[in-house]
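Scroll down for the structure; my scribbles are underneath it.
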Amino acid sequence: MTTSPSATAQSIAQLNTEETIVSKSLTQRALSRLSRDKLTLTALAVLIFLTVMAFLAPVFESALEVSYTKTNIREKFAPICIPALNVGGDCNPKHILGTDDLGRDVFVRLLYAGQVSLSIGFFAAILSLAIGITLGVVTGFYGGVIDDFINWVITTLNSVPTLFLLLIISAVILRNPDLARGIFGGPFALIIILGLLGWTGTTRLVRGETLSIREREYILSARALGASPTRIMFVHIVPNVFSIVIIVLASDIGGLILAEAALSFLGIGVKVPTPSWGNMLTDAQTYFTMGLHLVILPGLLIFITVLCLFIIGDGLRDAFDPTSTD
Amino acid sequence: MKNLLKVVLLSALLALLIVPMAAQENVPAPGEGGFIIEGYFGGSSVSSLNPLIANDSASNTIIGFIFPGMLSIDPATKLPQKGQDDALIIDWEISEDGLTYTYTMRTDWTWTDGTPITSADVQYYWDALSSGLVQGFAGTYYPIFIESVTTPSPDKFVVKFKEASCTALPIGTLGVVPSHVFPKDFAEINDMDYNQAPDVTGGVFNFSEFRPGEQFTLLANQNYGGAINGQVIPTGYIYLNVPDQNILIERFLAGDSNIISFVPPNRRDDVKAAAGIKTLEFSPGNVWDYLALNYADPTNPQSGYDENGNRIDQGHHPLFGDNRVRRAVALALNIDDIVDGAVFGYGQRMNAYQVPGTWGYPEDLPLIPYDPAAAIALLEEAGWVDHDNNPATPRIAQGAKYAPDGTPLSFTLYTNQGNSRREAIGAIVQDQLQEIGFEVNFQTVDFTTILDIIDGQTFDAFILGWGAGVLSDPDPTQLFSSQSDILGAGSNSVSYYNPVVDELMAKALNLPGCDPVERKAIYDEISALMQADLPYVPLYAITGFYAASEKVVPWTEFGGFPYDKIETWYVRQN
Amino acid sequence: MIRYIARRLLQSIPTLLGITILSYLLMSFAPGGPVRALLFGPNTRPEQLARVAAVLGLNDPIPIQYLRWLLGDDWMRWDSDGDGIADGSFILPLDADGDGIPEPPGMSKGFLRGDWGKSFIQRRPVDLIIAERIPATLELGVASLLVSIVVGLPIGIYAAVKRGRIFDNTTRVLAVIFNAVPVFWLGLVLIIIFGVLLKDANGGPFLPMGGRRPPTSVGLPPIWERLNYLILPTFVLATGGIAGFSRFMRASMLDVINQDYMRTARAKGLDNRTVWFRHGARNALIPIATFLGPSITGLLGGAAITEKVFSWPGLGQVGIDAVLQLDYPIIMAVVVISAIATILGYLLSDILYALIDPRIRFD
């Protein structure tokens, strides 16, 4: 390829607009497809509803005059109570969804737990995505020793069942009260752990994509123009791999919420008294003969949330799938 | 005539009543009474069936069945008794100075291969343990107390202790292993096949099969030397591992197992209500929970004494260094609520540190009342004030004894994760102390971690429990003497130091003659002193609870003795 | 081919080494350590703690502990004249605690020489503990892998064929639902349904609520006599696999449908069934081979929870207990074994890939 610098610049500009046009039209097509995908839209609506509810927990707490930490043994295992719907009969209407084994309000507790579980899923997914994209782009772009090394790390990590890695690392970080306090406080430590373990898939995906992108003409031209590798990676490559990766985000979050629940079941999840759906479900299993709703509700919320996230992930994948026809 | 008719009718009626009863109570032939199946929840680790090595409760349960009992305990009085059929030791004598114990053994009890059990087997047990070559943990325990063991005759062994102590009798009984099949070189014991499949034993059951992660199967030993009438009725005993506690209970209720020795308090009502199940509740159970408050400065942890035995200044905890704050904590806790919330009412409140139902329990000592107003008054008196008149924010120090002015009345409370009982206590304590102006940062941490924190003495407060059985001696030296205040290991991690209590404990432990009545008087005195000092805020002891299928007869009558006379049990077939 | 396999196996050596170093380091940083929990009780004396730590070799620096695990310690401290007293040492001091008496000579040969050490908690050889558990784990793992494939693949193919129809949508939703249920919760619910609520003719549980065989059985009955014990755990463990395989197969099948050779085949006038199954499914299976490796890792991980819920005496349970109790030798063995299983799984995937797809050559 022998072209004059100006011609190259021109072609870059051209290519860039072309890229934008292509991606825009791709995005537009995806959006229009999404707008007709009722299942995905419903899932999205349910998820947004749950998230908003969770973050409105303090509002409900003061409106209902209940507390998610306040114990009241005399009111323990109160049933679900919605007089308007004639559910529960003679019960305390303050506790819409009843109370738990210590008389704490289940409704607001579920909302606070939702904050924790959703944040863990979301931030851990973002963290693993950030690591995954960075490492994927870097390895794909540079190749060589870096690529080999990261590949070795990935193979190593993938060769141990995630659950064992999670257990071992959690045992170290979550057991250490110095780490579990302060900046690593409570769920934050779990976010770090889950985020640090979940990036390998993304890295592989992004690396493959980067390998193909880096040979494209506009990257080659940018290189010829003397753009720094960092600039090329972050300005030219990252935006292009982003759309692929964003698709896996939703299902990642779902998977992470399930992982938190599994860790809680094994005794290394979010530590009580901080509530999470996972530890509420685990705790409630012990009491299922006294308050079945205590088992059903957190289980149902985990299930619905993860279901919504998986459906959204599926919907996005279908919508962004360039081979699928309308 | 009329009378005759009456007699005939009556006898017919009686016959009708008696015949089926007699038929029903037909005890099966020895070895045909069916399997006693006990479900247990204890993880899947099992150490060894060799008593020299075993160190987990599952293995020790099995060892209790396949090895002869050393000392007979009267289930009614809970005291050791002489001359009984069910134990090897039938008599003992204690020397004047309390250092030498001479035990006499039965001579007619044999191992399953026909070899008599003699004092040589005890001698081997001791020699192996004290050699330091056997990798079990028992070897690190007995030599602390025992100086030497000698065997003047096949039916006698003499144990010489390093110090006189009223708790020595059961420690001195040691144990037996079939020395005639054990190696001369003690190091070889570690890798014997015997450890997993003991073939020569002498208990009520013989080892049959170990299915790792599943169960132990034991079969009746018809040559059991301790059997009543020389018979062992049940076919065998199966110890079934169920790693999830809920499923353990569900499987018991569904008939997968037919006896169970520990039912978590929250499932006890279900088990009691279930059809075809009989239960036994008793006190004391096996655990008592407490809230421990640190006396010493947690930022500069120190042992109680230096190498030369001089007291070290351990500083004072900014909050709990002051006895008034400790009392305020005790008064502000509604322990009845805690018993209700944590163990669903299946607990007995404690007035100090002795477990209700044991002989050392001070019946006359009143419980600490629930009195939040008095607690607030004490805090005010101790210089902890509600400076902003906002009950939601913690009080701050203003002229407090050990805290600079402005220090918030705030502390960290630890308990171990995964124990829903203690997690409940923590949440309630946090809540109730907040009412009188504390800020409690309640954290659950992993078990090995909390032990690390406790041993390091860097905590403010923690909730934990101690095991206690019916046989526990009231001696609390290990928990509360200042000698046990050792950084890194000692159990007096709260750094409790009361010279009077120290002296009384030593006196009660080494009382010549060890008369229980005299000892109890001293322990009552100690309890009263400690209720005032409050190294622990006493909470409750969980009541014991056994359950069995009604098909298992006659079953046990005694709390603390889950397998009492198991050789007479059988499972009804119907 | 053989050269390729050999190279892959050689390449996995540094991976395995890395895994062991990583795991050992991580474990050693966990605070507390295993000794205190082992000896927890009011009567525990400091001397006991120290002695047990010495017996377990936990007093030595972490790198030496790792070396001892890997290579043994018979070369670190030895007894050359056979009198039972150590008289030479390397790395380790002869008399570590300074009491004037040499420490006992090293006895362990290390992992690489086949000595996997003894469990801290169980005091039994680790290889024995592992060997006892592998059959149960294999049984459950193979059963659920088979169920996943046998159920998952046909669903995937049929869903692709009937794309957009009721069957496709139902199975897609079901697959998502299967993925979205926490395994332990599903296990508990199934146990309550089939053990507590449903009864068999004799009033016993409809399906066993746990375990691998009847407690009173003699020995291990053949597998067909205890299939009822396998049903629930297999189903629970296979849910993820069924969902995964069916989704993967559907996607792969849809890819294939649009290929030229499919159109050619149809154009040649072959009937639908031949086209779908001879041409379509066979080619769609190629990517499935790559799914095999990861699903083995997934099974091992998932098995741990399933085993706990169903009292299944497998390796996963041992692994979880070991991590929670910091039983280093068992953790190390479980980690290495699962790593080897996974590496072999990936290798198998690649070999299958080559066997199914003639275009692929190894060099």
Problem - 37 °C / 0.692 mPa s Stokes-Einstein diffusion coefficient of the range B:285-543, Kirkwood radius on C-alpha pairs, µm²/s - result: 176
Fill in the blank from the handout: Scoring only Lys, Arg, Asp and Glu (+1, +1, -1, -1) among other residues with Cβ under 12 Å from the Cβ of B:Leu413 yields -3
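Taking a temperature of 4 °C and a viscosity of 1.567 mPa s, what whole-number D in µm²/s does Stokes-Einstein yield for the range B:382-444 with Rh from Kirkwood over alpha carbon pairs?
This corresponds to a translational diffusion coefficient of 104 µm²/s.
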Handout entry: Amide proton proximity set for B:Lys156, modelled H, under 5 Å, gap of 5+
Key = B:Met105, B:Ser119
Practice task
Compute the length gained on full extension between B:Gln573 and B:Ile228: take 0.36 nm times their separation in residues and subtract their Cα-Cα distance, giving the result in nm to one decimal.
Solution key: 121.9 nm
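With a cut-off of 8 Å between alpha carbons and a minimum separation of six or more residues, what is the relative contact order of chain C in percent? Working shown, then result.
On the way: 432 pairs, mean separation 73.8, N = 363.
Across chain C, relative contact order equals 20 percent.
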Problem - Estimated [θ] at 222 nm from DSSP helical runs (n ≥ 4, -39500 (n - 2.57)) normalised by residues in the protein assembly as shown, nearest 500 - result: -15500 deg cm²/dmol
Practice task
Putting +1 on Lys and Arg Cβ atoms and -1 on Asp and Glu Cβ atoms, find which of A:Phe122, A:Leu225, B:Thr358 reaches farthest to the positive end of the dipole of the protein assembly as shown.
Solution key: A:Leu225
Fill in the blank from the handout: Given backbone amide H placed at 1.01 Å from N, residues whose amide H is under 5 Å from that of C:Arg45, ignoring those fewer than 5 places away on the same chain, are none
Practice task
Using a cut-off of 12 Å between beta-carbons, work out the net charge of the residues near B:Gly437 (Lys and Arg +1, Asp and Glu -1, B:Gly437 not included).
Solution key: -4
Problem - Unpartnered cysteines - no second Cys beta carbon under 4.7 Å - across the protein assembly as shown - result: A:Cys308
Problem - Contact order normalised by residue count of the range B:242-321, Cα under 8 Å, 6+ apart, percent - result: 19
Exercise for the section: Using Cα centres only, tell me the gap between the range A:32-54 and the range C:264-293 in whole Å. Expected result: 36
Exercise for the section: Apply the Karplus parameterisation 6.51 cos²θ - 1.76 cosθ + 1.60, with θ equal to phi minus 60°, to every residue of the range B:112-122 and state each ³J(HN,Hα) to the nearest whole Hz, in sequence, with x for glycine and proline. Expected result: 5, 8, x, 5, x, 8, 10, 5, 4, 5, 5
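Between B:Ile94 and C:Asn228, what FRET efficiency follows from the Cβ-Cβ distance if R0 is 51 Å, with the result rounded to 0.05?
Numbers: r = 59 Å, r/R0 = 1.16.
FRET efficiency, B:Ile94 to C:Asn228: 0.30.
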Practice task
Please give the net charge around B:Val500, taking every other residue with its beta carbon less than 12 angstrom from that of B:Val500, where Lys and Arg add +1 and Asp and Glu add -1.
Solution key: -3
Handout entry: 49 Å tail of the calculated P(r), the protein assembly as shown, as % of Cα pairs
Key = 38
Completion exercise
In this structure, among B:Lys82/B:Lys156; A:Lys70/A:Lys94; B:Lys565/C:Lys308; B:Lys78/B:Lys520, pairs with alpha-carbon gaps over 22 Å are B:Lys565/C:Lys308
Practice task
Starting from the Cα of C:Ile62, step 7 Å along the direction of its Cβ; do the same at B:Gln81; then give the gap between the two resulting points in nm.
Solution key: 5.7
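Using DSSP to call loops (not H, G, I, E or B), can you name the chymotrypsin sites (Phe, Trp or Tyr not before Pro) in the range A:211-278 whose Cβ has at most 11 other Cβ atoms within 10 angstrom?
In loop regions of the range A:211-278 (DSSP not H, G, I, E or B), there are no sparsely surrounded chymotrypsin sites (Phe, Trp or Tyr not before Pro).
If you put +1 on each Lys and Arg Cβ and -1 on each Asp and Glu Cβ, how big is the dipole of the protein assembly as shown around its Cα centre, in Debye rounded to 20?
The dipole magnitude comes to about 6360 debye.
Rounded to two decimal places and with Rh computed the Kirkwood way over Cα pairs, what is Rg over Rh for the range C:35-113?
A ratio of 1.02.
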Completion exercise
Helix C:227-257 sits off the longest principal axis of the Cα atoms of chain C, rounded to the nearest 10 on a 0 to 90 degree scale, by 50
Fill in the blank from the handout: Among C:Asn283, C:Trp312, C:Ile343, the residue whose Cα sits farthest towards the positive end of the charge dipole of the range C:126-356 (+1 at Cβ of Lys and Arg, -1 at Cβ of Asp and Glu, taken about the Cα centre) is C:Asn283
Fill in the blank from the handout: Under the Karplus relation with 6.51, -1.76 and 1.60 and θ = phi - 60°, whole-Hz ³J(HN,Hα) for the range B:167-173, x at Gly and Pro, equal 9, 6, 3, x, 5, x, 5
Fill in the blank from the handout: Magnitude of the Cβ-charge dipole (Lys and Arg +1, Asp and Glu -1) of the range C:35-113 about the Cα centre, nearest 20 debye, reported as 540
Problem - Rule-of-thumb Rg ratio for chain C [Cα; 2.2 N^0.38 Å; N residues] - result: 1.27
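Sort the range B:56-159 into rounded, prolate or oblate with this rule: let a ≥ b ≥ c be the square roots of the eigenvalues of the Cα gyration tensor; rounded if a/c is under 1.5, and if a/c is not under 1.5, prolate when a/b is larger than b/c, oblate otherwise. Please report the intermediate quantities before stating the final value.
Working: a/c = 1.24, a/b = 1.06, b/c = 1.17.
Cα axes put the range B:56-159 in the rounded bin.
Across chain B, how large is the tail of the calculated P(r) beyond 45 Å, expressed as a percent of all Cα pairs?
Values: 41080 of 164451 pairs.
Percentage above 45 Å: 25.
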Completion exercise
When chain C is treated as a Gaussian network with springs between alpha carbons less than 10 Å apart, the largest mean-square fluctuation among C:Asn169, C:Asn202, C:Asn283 is found at C:Asn202
Handout entry: Distance between the range C:56-127 and the range B:304-374 - C-alpha centres, whole angstrom
Key = 46
Completion exercise
Percent relative contact order for chain B, counting Cα pairs under 8 Å at least six residues apart, stands at 18
Practice task
Starting from the amide H of B:Val552, placed 1.01 Å from N in the peptide plane, find each other amide H under 5 Å away whose residue is 5 or more places distant or on another chain.
Solution key: B:Arg572
Completion exercise
Given a Förster distance of 30 Å, the FRET efficiency implied by the Cβ-Cβ spacing of C:Phe90 and C:Leu25, rounded to the nearest 0.05, works out to 0.85
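FYI, it's all coordinate maths here, none of it is from the lab. Please read all numbers here as calculations on a predicted model, not as lab measurements. Cβ: placed from backbone, ideal geometry, glycine included. Neighbour counts: every protein chain shown.
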